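A.B. asks: Let me give you the structure first, and then I'll get to my questions.
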Amino acid sequence: MEAALALINIKKKEIQAKIVYYGPGRGGKTTNLEHIFSKFKDNIKSEMITIKTNGDRTLFFDFLPLNAGKIKDYSVKIQLYTVPGQVIYNETRRLVLRGADGIVFVADSMSLRKEKNLISLKNLQENLSTYKKSIFKIPLVIQYNKRDLEAEGIPLIPIEVLEQSLNNKLKAPTFEASAVSGENVMQTLKKIISLTVASLAKEIA
Ligand SMILES: Nc1nc2c(ncn2[C@@H]2O[C@H](COP(=O)(O)OP(=O)(O)OP(=O)(O)O)[C@@H](O)[C@H]2O)c(=O)[nH]1
Ligand SMILES: [Mg+2]
């Protein structure tokens, strides 16, 4: 088994947890991180790092470090990453996923993207399994993004259909969200942080 533990720095009394935003290309992963960054701006010492972006497509990853309280007397540092969603970048996606302690799957609610969500979720499962991790065991939150487009008359996949096709077996917590307006973006983040920290605390205990 690949070690499931997050990075622990005994000297600094720090635990580093890695949360990865995964999902189909153009689904809104980078936009989630941008919203989070704008909310935390004053508390984050570092900048959000976006690597090798071509236009607005992520070609490598985005990275955002956050503080998230304590487990015992260790302070927990959360690192948020996004993968490039485009199918061709699977090697990069797999690398970014390495050592992930928690996952947010950002599904695209647009009807046109129904198949893309399924392909991406299956790809997540496969890539996790190369690290001997199970999609059923890793802390996971599913976000149904772009719900704001309903108001613009753009056909969206109904929530029941998304639940049926993506979450029937996983039974992960879900959020209806809009990464552009920020609706439920912080709720999604809080949920995955609490699941991830709880799971790490259990391993460390
Ligand atoms: N209307 C609407 N547009 C969104 C939403 N989230 C993202 N977008 C738009 O969708 C496009 C793609 O968003 P990104 O955040 O770059 O998507 P991504 O998942 O990072 O895409 P890749 O980096 O290619 O994997 C951008 O034009 C965003 O403004 C949303 O909730 N609602
Ligand atoms: Mg991106």
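The values are calculated or read from the model by the stated rules, or taken from the named source; none is laboratory data. Note that the coordinates shown come from a computational prediction; the quantities given were computed from them, not determined experimentally. Using ideal geometry, Cβ is built from the backbone for each residue, glycine included, and neighbour counts are taken over all protein chains shown. With ligands, DNA and RNA removed, areas are computed over all heavy atoms of the protein, side chains included. Shrake-Rupley method; radii C 1.70, N 1.55, O 1.52, S 1.80 Å.
A.B. asks: So which of 15, 44, 8 ends up being modelled with pLDDT under 70, out of contact with any helix residue (DSSP H, G or I) (no Cβ under 6 Å at 6 or more places or on another chain), more than 12 Å from ligand 1 (Cβ to nearest atom) and among the hydrophobic types (A, V, I, L, M, F, W, C)?
C.D. replies: 44
A.B. asks: Return the pairs, sorted by first residue and then second, in which the second residue is assigned to a helix (DSSP H, G or I) and within 7 Å of ligand 1 (Cβ to nearest atom), the first residue lies in the range 21-35 and is within 17 Å of residue 110 (Cβ to Cβ), the beta carbons are less than 6 Å apart, and the residues are 6+ apart or on different chains.
C.D. replies: 23/29
A.B. asks: Got at least one residue in the range 171-190 being of a type in the set (Ser, Thr, Tyr) and closer than 26 Å to residue 69 by Cβ?
C.D. replies: To start, the set of residues in the range 171-190 that are of a type in the set (Ser, Thr, Tyr) comprises 174, 178, 181, 188.
Filter once more, keeping what is closer than 26 Å to residue 69 by Cβ: 174, 188.
Yes, the range 171-190 has at least one match.
A.B. asks: Still on this structure, please answer the following. In the range 179-188, is there at least one residue being open to solvent by 60 Å² or more (accessible area, probe 1.4 Å), over 30 Å from residue 75 (Cα atoms) and either of a type in the set (Asp, Glu) or part of a loop (DSSP other than H, G, I, E, B) (or both)? Break it down stepwise before answering.
C.D. replies: Narrowing the range 179-188 to residues open to solvent by 60 Å² or more (accessible area, probe 1.4 Å): 180-181, 183, 187.
Narrowing the set further to residues that are over 30 Å from residue 75 (Cα atoms) leaves 180-181.
Checking which are either of a type in the set (Asp, Glu) or part of a loop (DSSP other than H, G, I, E, B) (or both) leaves us with 180-181.
Scanning the range 179-188, I find at least one residue that is open to solvent by 60 Å² or more (accessible area, probe 1.4 Å), over 30 Å from residue 75 (Cα atoms) and either of a type in the set (Asp, Glu) or part of a loop (DSSP other than H, G, I, E, B) (or both), so the answer is yes.
A.B. asks: Return the residues of the range 151-205 that are within 16 Å of ligand 1 (Cβ to nearest atom), in contact (Cβ under 8 Å) with a residue 40 or more places away in the chain and more than 19 Å from the chain's Cα centre (by Cα); say none if nothing qualifies.
C.D. replies: Across the range 151-205, the qualifying residues are 154, 155, 156, 157.
Here's the yes/no breakdown for (1) farther than 18 Å from residue 26 by Cα; (2) free of Cβ contacts under 8 Å to residues at least 60 places away in the same chain; (3) β-branched (Val, Ile, Thr):
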{"residue": "70", "(1), (2), (3)": "yes, yes, no"}
{"residue": "73", "(1), (2), (3)": "yes, no, no"}
{"residue": "77", "(1), (2), (3)": "yes, no, no"}
{"residue": "83", "(1), (2), (3)": "no, no, yes"}
{"residue": "88", "(1), (2), (3)": "no, yes, yes"}
{"residue": "92", "(1), (2), (3)": "no, yes, yes"}
{"residue": "96", "(1), (2), (3)": "no, no, yes"}
{"residue": "113", "(1), (2), (3)": "no, no, no"}
{"residue": "120", "(1), (2), (3)": "no, no, no"}
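A.B. asks: If the requirement is being modelled with pLDDT of 90 or more, in a helix (DSSP H, G or I), open to solvent by less than 40 Å² (accessible area, probe 1.4 Å) and farther than 16 Å from residue 185 by Cα, which of these qualifies: 90, 123?
C.D. replies: Only one candidate qualifies: 123.
A.B. asks: I've got another one for you. State the number of residues belonging to the range 76-94 that are out of contact with any helix residue (DSSP H, G or I) (no Cβ under 7 Å at 6 or more places or on another chain), within 30 Å of residue 11 (Cα to Cα) and not basic (Lys, Arg).
C.D. replies: Here the count works out to 1.
A.B. asks: Another one. Before we move on, is residue 137 more than 16 Å from ligand 2 (Cβ to nearest atom), in a loop (DSSP other than H, G, I, E, B) and closer than 24 Å to residue 164 by Cβ? Lay out the reasoning, then the answer.
C.D. replies: Details: more than 16 Å from ligand 2 (Cβ to nearest atom): yes; in a loop (DSSP other than H, G, I, E, B): yes; closer than 24 Å to residue 164 by Cβ: yes.
Taking the combined requirement at face value, the residue satisfies it.
A.B. asks: Hey, can you tell me all the residues within the range 69-89 that are away from ligand 2 (no atom under 15 Å from the Cβ) and either over 30 Å from residue 202 (Cβ atoms) or not polar (S, T, N, Q) (or both)?
C.D. replies: As a first pass, look at the range 69-89 and keep what is away from ligand 2 (no atom under 15 Å from the Cβ): 69-79.
Within the range 69-89, 69, 70, 71, 72, 73, 74, 76, 77, 78 qualify.
A.B. asks: If you check 112, 124, 95, 118, which single one turns out to be aliphatic (A, V, I, L, M), away from ligand 1 (no atom under 12 Å from the Cβ), touching a Ser or Thr at 6+ places or on another chain (Cβ under 7 Å) and at negative phi?
C.D. replies: After ruling out the rest, the residue left standing is 118.
A.B. asks: Do you know which residues across the range 189-205 are in a helix (DSSP H, G or I) and open to solvent by 50 Å² or more (accessible area, probe 1.4 Å)?
C.D. replies: Hits for the range 189-205 are 190, 191, 194, 195, 198, 202, 203, 204.
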